[in-house]
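Read through the structure below, which is laid out as structure tokens, and then see the notes.
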Amino acid sequence: MKNKKGFATSSSVHYCDENDEPIGVICFWAESARAKSCIKEGWRKYKLTEIPLTDFMENWCVGIGNDGLLIGTQFDQNMFGFEAESFELILDLSKELKLLGKSLSFRKFEGIDDLENQVKAAMESE
């Protein structure tokens, strides 16, 4: 979801930064119905915005990880959802795609294996 100021955000209830402040969370949904149920109160002026999975994985997840933020997925109308580290989410998504026999064409990576390998290398260097 997006408004004039940017995408829907929240604060982590599970993770804090080095100053003991909650880490920022950028929220995403796989299902439009669940996202629509969150368009109320602080998010009432937000509109649904679709992001292709390849763009989400290679741009959003990588960028959010590099910025030290978290990804919130599947928040409900009570603002409860899952918090994930972006690189871990990329690995989970690629594992699921492989189990389903799906392949994706990326612009910045030669395929899902290349994306996985670069994410793992980035995680090891942290």
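Within segment 73-92, can you find the residues that are touching a residue at least 40 places away in the same chain (Cβ under 8 Å) and assigned to a loop (DSSP other than H, G, I, E, B)?
Looking only at segment 73-92, we keep the residues that are touching a residue at least 40 places away in the same chain (Cβ under 8 Å), and these are 73-77, 79, 81, 83.
Residues satisfying the conditions are 74, 75, 76, 77, 79, 81.
Rundown of residues vs (1) within 20 Å of residue 13 (Cα to Cα); (2) touching a residue at least 24 places away in the same chain (Cβ under 8 Å); (3) of a type in the set (Val, Ile, Thr), yes/no style:
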residue: 39; (1), (2), (3): no, yes, yes
residue: 51; (1), (2), (3): no, no, yes
residue: 56; (1), (2), (3): no, yes, no
residue: 61; (1), (2), (3): yes, yes, no
residue: 70; (1), (2), (3): yes, yes, no
residue: 109; (1), (2), (3): no, yes, no
residue: 122; (1), (2), (3): no, yes, no
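Taking into account only those residues within segment 7-37 that are acidic (Asp, Glu) and touching a residue at least 40 places away in the same chain (Cβ under 8 Å), which is farthest from residue 82 (Cα to Cα)? Working first, answer last.
Within segment 7-37, the subset acidic (Asp, Glu) is 17-18, 20-21, 31.
Imposing the further condition that a residue be touching a residue at least 40 places away in the same chain (Cβ under 8 Å) reduces the set to 17, 31.
On the way: 17: 18, 31: 14 Å.
Taking the candidates together, the pick is 17.
Name the residue, out of 31, 83, 88, that is charged (D, E, K, R) and exposed (fewer than 14 other Cβ atoms within 10 Å of the Cβ). It would help to see each step written out before you state the result.
Values: 83 fails: exposed (fewer than 14 other Cβ atoms within 10 Å of the Cβ); 88 fails: exposed (fewer than 14 other Cβ atoms within 10 Å of the Cβ).
Exactly one residue qualifies, and that residue is 31.
What is the one condition in (1) farther than 25 Å from residue 66 by Cα; (2) assigned to a strand (DSSP E or B) that residue 13 does not satisfy?
(1)
Which residues, counting only those in segment 37-60, are farther than 9 Å from residue 1 by Cα, hydrophobic (A, V, I, L, M, F, W, C) and in a helix (DSSP H, G or I)?
Result: 53, 56, 57, 60.
List the number of the failed condition for residue 23; all other conditions in (1) within 18 Å of residue 116 (Cα to Cα); (2) at pLDDT 95 or above; (3) surrounded by 14 or more Cβ atoms within 10 Å (Cβ to Cβ) hold.
(1)
Is it fair to say residue 95 is in a loop (DSSP other than H, G, I, E, B), modelled with pLDDT of 90 or more and not aromatic (Phe, Trp, Tyr)?
The answer is no for residue 95.
Against the condition touching a Leu at 6+ places or on another chain (Cβ under 8 Å) and not β-branched (Val, Ile, Thr), how does residue 106 come out, does it pass?
Spelling it out, residue 106 is indeed touching a Leu at 6+ places or on another chain (Cβ under 8 Å) and not β-branched (Val, Ile, Thr).
The values are calculated or read from the model by the stated rules, or taken from the named source; none is laboratory data. Keep in mind it's a predicted model, so treat the numbers as computed, not measured. For neighbour counting, all protein chains shown are included, and Cβ atoms are generated from backbone atoms with ideal geometry for every residue, glycine included.
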